[in-house]
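The values are calculated or read from the model by the stated rules, or taken from the named source; none is laboratory data. All of these numbers come straight from a predicted model, not from anything done at the bench. Every residue, glycine among them, receives a Cβ derived from its backbone with ideal geometry; neighbour counts consider all protein chains shown.
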Amino acid sequence: MRRMKSKPQIFLRMYASIYHTKIGLKKNVIFIEANPGMEQLLFDCLKINEFWMYICRSFGTGEGCTAVYAVPADHCDEFEEFIYLIKELGVASNVQIYWSTCFQGGRITSTWFNNRTEKWVFSWKDWIKEVQTQKTDLPYTLMEPESYSICADEIDVQMLMWLESDATKSITEIAEILGINRQRAYYHYKEHILKRKLIEGYEIFVMRYGDNPSVMAYFAIFFPNYETFAKFTRSLLDKFFVLTMGKILGENALVVEVFLPLDEFRNFIDTLSSMVRMRLVKSYKYAIQDLRVRCRQTFSGEFFRNNSWIYDHESYIKTLRQKVSEYFENNMKK
């Protein structure tokens, strides 16, 4: 991995896919539409809540942002209050929060790859047939959890943060960063992180399409029943164009991030439309990422102390109100 990463013509990254549920965090994906002229303000407001993992300007469901958060499970109501306050303050006009299971990372496999031509093959018609013949069993990451109990200590959490940002880091390197000896770090990795299944797997990201125009987008896809949801979801487990996906809690619905060439993105939409007519899919909506304006970070392990999460709701609300107030005051003067 390190040798390939060192080549300038290859953009390659490997991340540990953390099972955030077992460290007391609940994931969500937010589609939020900005009021005209306030697109950048919306982006900045979303960053105030420090439990964000990814924020990106987006379009498709109006001009706005798409965001991913991992929030302490016992502070979800407060988090929603923060997000809806952005709308109440006049910055956004439409908010959709999809609480999700932990994410299942995408897998780059040889499915849909032609070894002879060394090109991807997009077999959309075959995919429709595949969905109909799938089984309904799913990985544990895509099943609704019974609890959000914390199965990690502070050293585990710090190690997981580094592995989530770069899974090629060695235990020795992480031990040096944390200021502990290698033996202690290895014990936590083997006896806690691995045995307690705090890592779901590994995600590989590589630019699949060279210089060809491509699209990254988040979808929320809804299904008539659990069977169609499970079959559709299972069919995506070996598809290279899937980056992440999670089950929307309490619904037969999936949130999924896809990465496709521009032309094939439209074919993907046409395929979803065909599945709606076949009653394999009930409905869908999506937001296309504007990759010029985005930010990413690991889960917020710096707020994990004494084996519990610190969530400063009052501070987030106060800072949000102040930022929006200053924005309107400055623009009124102009």
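For residues that are surrounded by fewer than 20 Cβ atoms within 10 Å (Cβ to Cβ) and either among the basic types (Lys, Arg) or farther than 13 Å from MET216 by Cα (or both), scanning just the range 55-72, find the one that is nearest to the chain's Cα centre (by Cα).
So the residue we want is THR61.
Considering each of LYS239, LYS231 in turn, give the residue that is surrounded by 17 or more Cβ atoms within 10 Å (Cβ to Cβ), within 25 Å of TYR54 (Cα to Cα) and not assigned by TED's automatic domain parsing to the domain that holds TYR69.
On inspection, the qualifying residue turns out to be LYS239.
When you go through (1) farther than 30 Å from SER308 by Cα; (2) of a type in the set (Lys, Arg); (3) part of a helix (DSSP H, G or I) one by one for LYS190, which number turns out not to apply?
Condition not satisfied by LYS190: (1).
Can you say whether ILE55 is in a loop (DSSP other than H, G, I, E, B) and in contact (Cβ under 8 Å) with a residue 24 or more places away in the chain, as far as the supplied structure shows?
no
Can you tell me which residue within the range 1-39, out of those that are without any contact (Cβ under 8 Å) to a residue 40 or more places away in the chain and outside any loop (DSSP other than H, G, I, E, B), is surrounded by the most Cβ atoms within 10 Å (Cβ to Cβ)?
Result: GLU39.
Residue-by-condition table, conditions (1) under 18 Å from the mean Cα position of the chain (by Cα); (2) closer than 24 Å to ASP137 by Cβ; (3) of a type outside the set (Ser, Thr, Tyr):
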residue: TYR186; (1), (2), (3): no, no, no
residue: GLU203; (1), (2), (3): yes, yes, yes
residue: PHE219; (1), (2), (3): yes, yes, yes
residue: MET245; (1), (2), (3): yes, yes, yes
residue: MET275; (1), (2), (3): no, yes, yes
residue: TYR284; (1), (2), (3): yes, yes, no
residue: GLN289; (1), (2), (3): yes, no, yes
residue: ARG294; (1), (2), (3): yes, no, yes
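Inspect the range 66-89 for any residue being in contact with a helix residue (DSSP H, G or I) (Cβ under 8 Å, 6 or more places away or on another chain), on the phi < 0 side of the Ramachandran plot, among the polar types (S, T, N, Q) and assigned to a strand (DSSP E or B) and give the result as yes or no.
Within the range 66-89, none of the residues are in contact with a helix residue (DSSP H, G or I) (Cβ under 8 Å, 6 or more places away or on another chain), on the phi < 0 side of the Ramachandran plot, among the polar types (S, T, N, Q) and assigned to a strand (DSSP E or B).
Among the residues of the range 281-309 satisfying the criterion of being touching a helix residue (DSSP H, G or I) at 6+ places or on another chain (Cβ under 6 Å) and surrounded by fewer than 19 Cβ atoms within 10 Å (Cβ to Cβ), which is nearest to MET159 (Cα to Cα)?
THR298
Here are some residues: ASP238, ASP153, ASP211. Which one is farther than 21 Å from THR101 by Cβ and out of contact with any helix residue (DSSP H, G or I) (no Cβ under 9 Å at 6 or more places or on another chain)?
ASP211
Considering only residues that are in contact with a strand residue (DSSP E or B) (Cβ under 6 Å, 6 or more places away or on another chain) and of a type in the set (Gly, Ala, Ser), look in the range 1-34 and name the one that is nearest to MET245 (Cα to Cα).
Once the filter is applied, the top-ranked residue is SER17.
Inspect the range 90-110 for any residue being assigned to a loop (DSSP other than H, G, I, E, B), buried (at least 21 other Cβ atoms within 10 Å of the Cβ), under 21 Å from the mean Cα position of the chain (by Cα) and among the small types (Gly, Ala, Ser) and give the result as yes or no.
yes
Output the number of the condition that ILE269 fails; it satisfies all remaining conditions of (1) aliphatic (A, V, I, L, M); (2) modelled with pLDDT under 95; (3) within 23 Å of the chain's Cα centre (by Cα).
In the conditions (1) aliphatic (A, V, I, L, M); (2) modelled with pLDDT under 95; (3) within 23 Å of the chain's Cα centre (by Cα), ILE269 misses (2) alone.
State all residues of the range 124-152 that are in contact (Cβ under 8 Å) with a residue 12 or more places away in the chain, assigned to a loop (DSSP other than H, G, I, E, B) and not aliphatic (A, V, I, L, M); if no residue qualifies, say none.
GLN134, LYS135, THR136, ASP137, PRO139, GLU144, PRO145, TYR148, SER149, CYS151, listed by residue number.
I'd like the full set of residues that are more than 24 Å from ARG13 (Cα to Cα) and surrounded by 13 or more Cβ atoms within 10 Å (Cβ to Cβ), limited to the range 168-183.
Scanning the range 168-183 gives ILE180, ARG182.
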